[in-house]
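**Q** Handing you a structure now.
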Amino acid sequence: MEVDVDWKISKEKVQSHRFMLLALPGVGNVGKLVVDSLIDRLPSKLIARLHHPDLPPHAMMVEGLLVPPHLGLYQVELDPETYVLAVCGENQPMTASGQYEISMAILEIANSLNTELLTVLAGLSSEAGSEEVH
């Protein structure tokens, strides 16, 4: 299967940046909440949608339009001269092969945009008080 990347702007128009953040729903949704908050509270722009057939069949209504399941790639302005890219979504692929394929596509996108560092914000399930896992 293949990831379909639907670019909303040309790659040449993506602002210069150093970092990309990635967070998807998972344990506690903490990383996803961080990335969603950056996108919601700072000037941001959807620059691409990533579609994969292994994403759950869960379309959403956005501004009156039915949108298929996807991961969004956003350009977020931290200040007038500093940008970060952020990848987020409402779900993630339901199969290991789908997770691998979309991960590879994200790495290829990061590489094609000259991203220096990709940070994945993910939760780790543990019992309360298990500080040694951090």
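**Q** Treating only the Cβ atoms of Lys and Arg (+1) and Asp and Glu (-1) as charged, compute the dipole magnitude of the range 62-134 about its Cα centre; round to the nearest 20 debye.
**A** About 280 debye.
**Q** Hey, another quick one. Of the chain, which part is the longest with no trypsin sites (Lys or Arg not before Pro) in a loop (DSSP not H, G, I, E, B) and with at most 15 other C-beta atoms within 10 angstrom?
**A** In short, 19-134.
**Q** Apply the Karplus curve 6.51 cos²θ - 1.76 cosθ + 1.60, θ = phi - 60°, to the phi angles in the range 81-88 and return the couplings in whole Hz, x for Gly and Pro.
**A** Calculated HN-Hα couplings, in order: 10, 10, 10, 9, 9, 9, 10, 8 Hz.
**Q** Report the calculated FRET efficiency for E63 and N111 (r = Cβ-Cβ distance, R0 = 35 Å), to the nearest 0.05.
**A** 0.65
**Q** Now a separate question. Show which aspartates and glutamates lie in cross-link reach of K13 when reach means a straight Cα distance below 18 angstrom and same-chain residues fewer than eight apart are skipped.
**A** Straight-line reach from K13, under 18 Å: E77, D79, E81, E108, E116.
**Q** A follow-up question, please. If you roll a 1.4 angstrom probe over the protein chains with everything in place, what fraction of the accessible area of the range 36-81 belongs to carbon and sulfur, to the nearest %?
**A** Details: 1550 of 2770 Å².
That share works out to 56 percent.
**Q** On to the next question. Once the Cβ-Cβ distance between E131 and S37 is put in as r, and R0 is 30 Å, what FRET efficiency do you end up with, to the nearest 0.05?
**A** So, using R0 = 30 Å, E works out to roughly 0.75.
**Q** Right, something else. log10 I(q)/I(0), Debye, Cα-only the chain, no solvent, q = 0.19 Å⁻¹?
**A** Each listed q maps to, in turn, -1.17.
**Q** Output wanted: per-residue J couplings in Hz (rounded whole) for the range 107-123, from phi through Karplus 6.51 cos²θ - 1.76 cosθ + 1.60, θ = phi - 60°, x for Gly and Pro.
**A** 5, 5, 5, 4, 5, 5, 9, 6, 6, 7, 9, 10, 10, 9, 9, 9, x
**Q** Of A96, V3, T82, which is farthest along the charge dipole of the chain in the positive direction, counting Lys and Arg as +1 and Asp and Glu as -1 at C-beta?
**A** Most positive-ward Cα: T82.
The values are calculated or read from the model by the stated rules, or taken from the named source; none is laboratory data. Note that this is a predicted model, so its numbers are computed, not measured. No Cβ is skipped: glycine too gets one built from the backbone with ideal geometry, and neighbour counts run over all protein chains shown. Side chains are part of the model used for accessible areas, which takes the heavy atoms of the whole protein and leaves out ligands, DNA and RNA. Shrake-Rupley method; radii C 1.70, N 1.55, O 1.52, S 1.80 Å.
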